[in-house]
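See structure below.
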Amino acid sequence: VQLQASGGGLVQAGGFLRLSCSASRIIFRACDMAWYRQAPGKERESVASITSDGGTSYSNPVKGRFIISRDNFQDAVYLQMNNLAPEDTAVYFCSTIVRGLRRWGQGTQVTVSS
């Protein structure tokens, strides 16, 4: 399994970013996908998830601001992040479960300045 996240960066509060994650070596269209994040000194937490048939769910802190989507032709999952706040600063990881094990990409840093 290979998960390659990109699109992170430095943005001012109120700004937006779009994260991308390309997947390989999996049957992408059959996989539920998720975004997690880990802020310094904190545990990794779930941000958003999307099922193989497109159902979505969001954690309360990002609900109404972030949108997860997928492209089964490109084997990619996206996270549109709007109205970013300093508390969204973290390393963001895309993830899926393969053969009962959660697999992680390498992460992309998102930094939101106030």
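Residues in the range 60-93, backbone N under 20 Å from the label point at Thr111 (7 Å along the Cα-to-beta-carbon vector): list them, ranges by number please.
Within reach of a label on Thr111: 81-93.
Search the structure for amide H atoms under 5 Å from the amide H of Thr96, placed 1.01 Å from N in the peptide plane, and list their residues when 5 or more places away or on another chain.
Arg103
Name all residues of the range 72-103 having a backbone nitrogen under 19 Å from the label point set 7 Å from the Cα of Phe16 along its Cα→Cβ direction, giving them as ranges.
Correct set: 77-89.
Between Ser20, Ser59, Ser49, which gets the highest mean-square fluctuation from a Gaussian network model of the chain, Cα cutoff 10 Å?
Ser59
For the chain, list the cysteines whose Cβ sits under 4.7 Å from no other cysteine Cβ?
Cys31, each lacking another Cys Cβ under 4.7 Å.
No lab work stands behind these numbers, since they all come straight from the coordinates. Note that the structure is a prediction, hence the values are computed from the model and not measured. Here Cβ is always computed from backbone atoms with ideal geometry, including for glycine, and neighbour counts include all displayed protein chains.
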